[in-house]
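First comes the structure, then the notes that go with it.
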Amino acid sequence: MAAEGAGHHGPMEQFEIRNIFHLDLFGHDISFTNSSLMMVVALALISGFMIFAMRGRSLVPSRVQSLAEIAYEYVAGMVKENLGEEGMKFFPWVFSIFIFILILNLVGLIPGNFTVTSHIIVTFALAAMVWLVATFIGFWTHGLGYLKLFVPEGVPVWLMPVIIPIELISYFIRPISHSVRLFANMMAGHTMLEVFAGFAVMLPWWGKIAPAGFMVAFTGLEFLVAFLQALIFTVLTCIYLNDAVHMHH
Amino acid sequence: MFAGTTMLLAVAAEAAEEAAQSGGLPQLNPHHFTPQLFWLAVTFVALLFVMSKIALPRVADVIEERRDRIKRDLDAASRLKDETDKALADYEKALADARANASGIAKQTREKLAAETEAERQRVDTQITAKLKEADARIAATKSKALSAIGDIATETARAVVEKLIAQDVPAEDVKKVLRPLAGE
């Protein structure tokens, strides 16, 4: 594709990390990149919104205050439903995970913006944090009794040699399934949009309508996916925490 | 939804293959892992701090205060309702008392009047009875006087007749004696 010229390498180019300025920490590269910029933008948007929305702290909420309260009540409901009332001690952490992923997903949908959650290393780091925290809480709460999580009740003894490895594998695979789900959805959606945008550019004017129309519809779907994937990531976080706290299967 | 995801993944995989030919998937370039992890840690910890120390407690305060306020208002409303109910019950009791009182007074008056009428009637009755008795006595007296007068006249007449017949004066006492059995006395 000569028309696209140098620097454009097709639909995957949007996932390219670009340095904004170079930074080093004890010999490690910690450059501020387009990804870092989007994380900082999300942090600023979330903090700014939550603080701005609650500035009035009025009993009869304004529209923005309602929005902040809805977000709060929504995640609080999710935590209470999965973890019960005592699970509210994890609420700030769960809320941060939800709102961070949601805003990163949504900000990434703005054309030209980088989507932080389309990088496996980021989603894996978040999922690994959830897995480590859940595992730590499991052993902290139940001691070695937490290992009973891998020995389901009511299973005949002769099945144990099969069940225990399966349970172990499914437990250790959690951070991978947890992170790949979010990463793959974000990457696939954005790639799809870019591919159809490429068609719309390449085709003559009478052929542009179909891919352009598809993109409009697909962008709507992507907003849903952005929300849904943040929600699924958070619900799974609650479920893993519930396993750790209550050991229900 | 599932089919859609599969299709998306197929498209993504194709695109990834294309990218792989032009230098690999950007997501799998380990050179960019450290800066991303570093900035993720920094921003997430900062977000967690701002949310848990500043933003979320404010939301929680407002929501809790509103819940308390609503509960207080509901409590006050139910207290006021109880008071109203009590006042209404008091009023109704007073009304019932007054009604009972009024009917008592009416009954009393009725009974008093009836008793007075009865007493008056009895007094008049006695009076009439007394007068009747008196009249009866007078009639009886007059009758007996008249009867005795008739006896005297009969005696005198009999004496005169006897005197004429036998030319002899008969004492009145004797005539009476003779006449008495005849008179049925």
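Every read-out reported here was derived from the displayed coordinates using simple, explicitly stated rules and does not represent laboratory data. Everything numeric in this text was worked out from a predicted model, so none of it was measured. All Cβ positions, even for glycine, are placed from backbone atoms using ideal geometry, and neighbour counts span all protein chains on display.
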Mean Kyte-Doolittle hydropathy of -1.0 or higher plus an axial Cα length of 24 Å or more: which whole DSSP H helices in chain B meet both? B:2-21, B:33-50, B:56-166
Suppose each label sits 7 Å from its Cα in the direction of the beta carbon; what would the A:Ile209-B:Thr126 distance come out to in nanometres? 12.6
Using alpha carbon centers only, region B:135-155 is separated from region B:42-63 by a whole-angstrom value of 135
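Highest mean first, what order results for B:135-146, A:165-176, A:21-32 on Cβ atoms within 10 Å?
Packing proxy ranking, top to bottom: A:165-176, A:21-32, B:135-146.
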Number of partner chain Cβ atoms within 10 Å, mean per residue of A:95-106: 3
Just how large is the dipole of the protein assembly as shown about the Cα centre, in debye to the nearest 20, putting +1 at every Lys and Arg Cβ and -1 at every Asp and Glu Cβ? 1600
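Express the relative contact order of chain A as a whole percentage, based on alpha carbon pairs under 8 Å and six or more residues apart in sequence.
Working: 233 pairs, mean separation 60.2, N = 249.
Once normalised by length, the contact order is 24 percent.
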Magnitude of the charge dipole, region A:19-246, Cβ model with Lys/Arg +1 and Asp/Glu -1, debye to 20: 340
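Helix-only estimate, please: 222 nm mean residue ellipticity of chain A, summing -39500 (n - 2.57) across DSSP H runs of length 4 or more and dividing by its residues, to the nearest 500.
Working: 7 runs with 162 residues, N = 249.
Calculated mean residue ellipticity at 222 nm is -23000 deg cm²/dmol.
Could you tally the net charge around A:Met215, taking each other residue with its Cβ under 11 Å from the Cβ of A:Met215, Lys/Arg +1 and Asp/Glu -1?
Numbers: positive: A:Lys208; negative: A:Glu194, A:Glu222.
Around A:Met215, the surrounding residues sum to -1.
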Within 10 Å of the Cβ of an average residue in A:51-61, the count of other chain Cβ atoms is 3
If one takes the longest principal axis of the Cα atoms in chain A, at what angle in degrees, from 0 to 90 and to the nearest 10, does the Cα axis of helix A:174-202 lie? 10
In what sequence, highest mean first, do A:67-80, A:199-212 appear when ranked by Cβ atoms within 10 angstrom? A:67-80, A:199-212
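Suppose the chain between B:Ala96 and B:Ala141 were pulled fully straight at 0.36 nm per residue; how much longer would it get relative to their current alpha carbon spacing?
Details: separation 45, 0.36 × 45 = 16.20 nm, distance 6.64 nm.
Length gained between B:Ala96 and B:Ala141: 9.6 nm.
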Tilt, helix A:34-53 to longest principal axis of chain A (alpha-carbon atoms), in degrees rounded to tens, equals 70
At each listed q (0.11, 0.15, 0.17 Å⁻¹), what is the log10 of I(q)/I(0) that the Debye formula gives for chain B modelled as equal alpha-carbon point scatterers? -0.96, -1.11, -1.18
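Report the far tail of the P(r) of chain A, meaning the percent of Cα-Cα pairs longer than 24 Å. Intermediate results must be reported in sequence, preceding the final value.
Working: 18258 of 30876 pairs.
Above the 24 Å cut-off, chain A has 59 percent of its Cα pairs.
So for the protein assembly as shown, what are the equivalent ellipsoid semi-axes in whole Å, largest first, each being the square root of 5 times an eigenvalue of the Cα gyration tensor?
Details: eigenvalues 3141, 144, 105 Å².
Working through the eigenvalues yields semi-axes of 125, 27, 23 Å.
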Here the relative contact order (percent) of region A:57-204, from C-alpha pairs under 8 Å and at least 6 apart, is 23
Could you give the spread of the C-alpha atoms of region B:79-129 along their three principal axes, from largest to smallest, in whole angstroms? 74, 5, 5
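Please work out the FRET efficiency for the pair A:Thr219 and B:Arg66, using the Cβ-Cβ distance as r and a Förster radius of 45 Å; give the result to the nearest 0.05. Write down the numbers at each step before the final one.
Numbers: r = 37 Å, r/R0 = 0.82.
Step by step, r from the Cβ atoms, then E = 0.75.
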Between A:Leu59 and A:Leu231, what's the calculated FRET efficiency when r is the beta-carbon distance and R0 is 22 Å? Round to 0.05. 0.15
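Within 10 Å of each Cβ in A:85-93, how many Cβ atoms from other chains are there, averaged over the peptide? Write out the running numbers ahead of the final one.
Numbers: counts 0, 0, 0, 1, 0, 0, 4, 11, 4.
Mean partner shielding for this stretch: 2.
So, R0 is 60 Å and r is the distance between the beta-carbons of B:Ser148 and B:Lys107; what FRET efficiency does that work out to, to 0.05? Working shown, then result.
On the way: r = 60 Å, r/R0 = 1.00.
Efficiency, from the Cβ-Cβ distance: 0.50.
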Using only the alpha carbons, work out the radius of gyration and Dmax of region A:123-178 in angstrom. 12.8, 38
